[in-house]
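Visitor: Quick one: the structure is below, questions incoming.
The values are calculated or read from the model by the stated rules, or taken from the named source; none is laboratory data. The structure displayed is predicted, hence computed values, not measured ones. Reconstructed Cβ throughout: ideal geometry from the backbone, glycine too, with neighbour counts over all protein chains shown.
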């Protein structure tokens with residue numbers, strides 16, 4: 001009886017986990033690893049993976065670089081983010097096209113450089129980079 005009860009209670013949780021994993025794999029990538037110098041990894045759903053050139057970056061990924069390392073990510077709107085050594089960076093949201101046009105990224109620690117892409121050209125405050133002390137917004141402002 002105890003095994004049956006455990007199985008009945010665990011089955012919905014297992015189904016939810018498999019469904020969440022399937023959705024994460026189906027979701028379009030937010031970007032792609034363009035270059036790596038040294039070591040870099042991504043953590044998604046508490047599972048770390050070593051990054052390689054060409055690998056997809058998904059919404060929710062926590063990107064991290066090692067000592068003397070650099071990571072360049074080309075986003076789906078042609079923006080480029082370059083993370084410096086010992087940087088931790090979260091892709092909170094990054095959608096472009098029919099699903100919407102917005103990007104929100106969070107710098108946990110470290111340094112980064114960005115070359116804006118098409119999202120930042122579309123509307124004011126469409127691209128946000130959050131830090132511990134401020135949020136930096138970028139968007140198009142056309143002269144009148």
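Visitor: Do you know which residues across the stretch 32-72 are touching a strand residue (DSSP E or B) at 6+ places or on another chain (Cβ under 7 Å), exposed (fewer than 15 other Cβ atoms within 10 Å of the Cβ) and without any contact (Cβ under 8 Å) to a residue 24 or more places away in the chain?
Guide: Of everything in the stretch 32-72, those that are touching a strand residue (DSSP E or B) at 6+ places or on another chain (Cβ under 7 Å), exposed (fewer than 15 other Cβ atoms within 10 Å of the Cβ) and without any contact (Cβ under 8 Å) to a residue 24 or more places away in the chain turn out to be 48, 49, 50, 52, 53, 54.
One line per residue, one yes/no per condition, for (1) at pLDDT 95 or above; (2) farther than 17 Å from residue 75 by Cα:
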{"residue": "5", "(1), (2)": "no, yes"}
{"residue": "18", "(1), (2)": "no, yes"}
{"residue": "23", "(1), (2)": "no, yes"}
{"residue": "33", "(1), (2)": "yes, no"}
{"residue": "48", "(1), (2)": "yes, yes"}
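Visitor: What pairs come up if the first residue lies in the stretch 119-134 and is at positive phi, the second is at pLDDT 80 or above, and their beta carbons are under 8 Å apart, counting only those six or more places apart or on different chains?
Guide: Pairs found: none.
Visitor: Let me ask something else. With (1) at pLDDT 95 or above; (2) under 23 Å from residue 127 (Cα atoms); (3) assigned to a loop (DSSP other than H, G, I, E, B) as the list, and residue 100 as the residue in question, which single condition is left unmet?
Guide: (1)
Visitor: Within the stretch 73-97, can you find the residues that are assigned to a strand (DSSP E or B) and crowded, with 19+ Cβ neighbours inside 10 Å?
Guide: Step one: list which residues in the stretch 73-97 are assigned to a strand (DSSP E or B), which gives 73-75, 80-83, 88-95.
Answer for the stretch 73-97, where residues must be assigned to a strand (DSSP E or B) and crowded, with 19+ Cβ neighbours inside 10 Å: 73, 75, 81, 83, 89, 91, 94.
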